[in-house]
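Trainee: Take this structure first; my questions come after.
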Amino acid sequence: EGISTAIIGRPNAGKSSLLNLILNEERAIVTDIEGTTRDTIEEYISIDGVPLKIIDTAGIRKRGKIEGIEKYALNRTQKILEVADIALLVLDASEPFTELDERIAGLVGKFELGVIIVLNKWDKDHDEFDKVAFEIRDRFKFLAYAPIISVSALGGKRIHKLYPLIQEVYQNYTQRIKTSELNALIEEAVRTHPIPRDHGKIVKIFYAAQFGFAPPKIALVMN
């Protein structure tokens, strides 16, 4: 099916506009009314020969405000994230970031997804981007590794930069690292930063090995 990429974020962040722009067609309804997207929308496209499965999910609201059919939409979104590879975390750059943004970002770790932070509705200059990126790094410390890209889903600005980024993140997400390379890296790291003793006992790493991927998972065999 290709790289399974889910678009997540709070209502009115511009998820449906982003989907339409990626597909280059009006696939999703876009309005200023919160909760317009009540179910997931799945589409398949190919970019530079790479197949992508793009999924627009319903905007996630505060738990106390979720009612009626939205409960089913939330369950559907979570089922999608269980099998997705990458999340496009859409943040509304025209408004301050909220606690809800942080909660939604937490789904990335919960479902072990690759992630790209998409600053949507961006109309500021480059200097302002550095300031906002710093704020994101400070607020979303658990996503310190995630690339950040600014786009304007309505104007189509910089959307072309999103496609190679999805491929790059997916390659990192599914990479397999040779045991010899991994152990050479660990050995160098320990030389540079010796491991603190555990109640006076010297801590040793015998070897490291990758035991899973998507995302990569590393085991350290120690004393």
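Trainee: Answer yes if at least one residue in region 86-93 is within 14 Å of residue 215 (Cα to Cα) and either without any contact (Cβ under 8 Å) to a residue 24 or more places away in the chain or of a type in the set (Lys, Arg) (or both), and no otherwise.
Mentor: No, the conditions are met nowhere in region 86-93.
One line per residue, one yes/no per condition, for (1) in contact (Cβ under 8 Å) with a residue 12 or more places away in the chain; (2) out of contact with any Ser or Thr (no Cβ under 9 Å at 6 or more places or on another chain); (3) among the acidic types (Asp, Glu):
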site	(1), (2), (3)
174	yes, yes, no
189	no, yes, no
195	no, yes, no
203	yes, yes, no
210	yes, no, no
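Trainee: Looking at 101, 56 in this structure, which one is modelled with pLDDT of 85 or more, more than 22 Å from residue 139 (Cβ to Cβ) and of a type outside the set (Lys, Arg)?
Mentor: 56
Trainee: Tally the residues that are surrounded by 16 or more Cβ atoms within 10 Å (Cβ to Cβ), outside any helix (DSSP H, G or I) and either aromatic (Phe, Trp, Tyr) or more than 14 Å from the chain's Cα centre (by Cα) (or both), restricting the search to region 121-149.
Mentor: Result for region 121-149: 3.
Trainee: Right, another one. Given the conditions (1) open to solvent by less than 80 Å² (accessible area, probe 1.4 Å); (2) out of contact with any Phe, Trp or Tyr (no Cβ under 7 Å at 6 or more places or on another chain); (3) within 30 Å of residue 24 (Cβ to Cβ), report the number of the one that residue 161 does not fulfil.
Mentor: Looking at each condition in turn, residue 161 falls short on (1).
Trainee: Can you find a residue that is part of a strand (DSSP E or B), more than 16 Å from residue 87 (Cα to Cα) and open to solvent by less than 80 Å² (accessible area, probe 1.4 Å) anywhere in region 173-188?
Mentor: no
The values are calculated or read from the model by the stated rules, or taken from the named source; none is laboratory data. The shown structure was predicted, so the numbers you read here are calculated from the model rather than taken from an experiment. Note that each Cβ is placed from the backbone with ideal geometry, even for glycine, and that neighbours are counted across all protein chains shown. Accessible surface areas use protein heavy atoms only, side chains included; no ligands, DNA or RNA. Shrake-Rupley method; radii C 1.70, N 1.55, O 1.52, S 1.80 Å.
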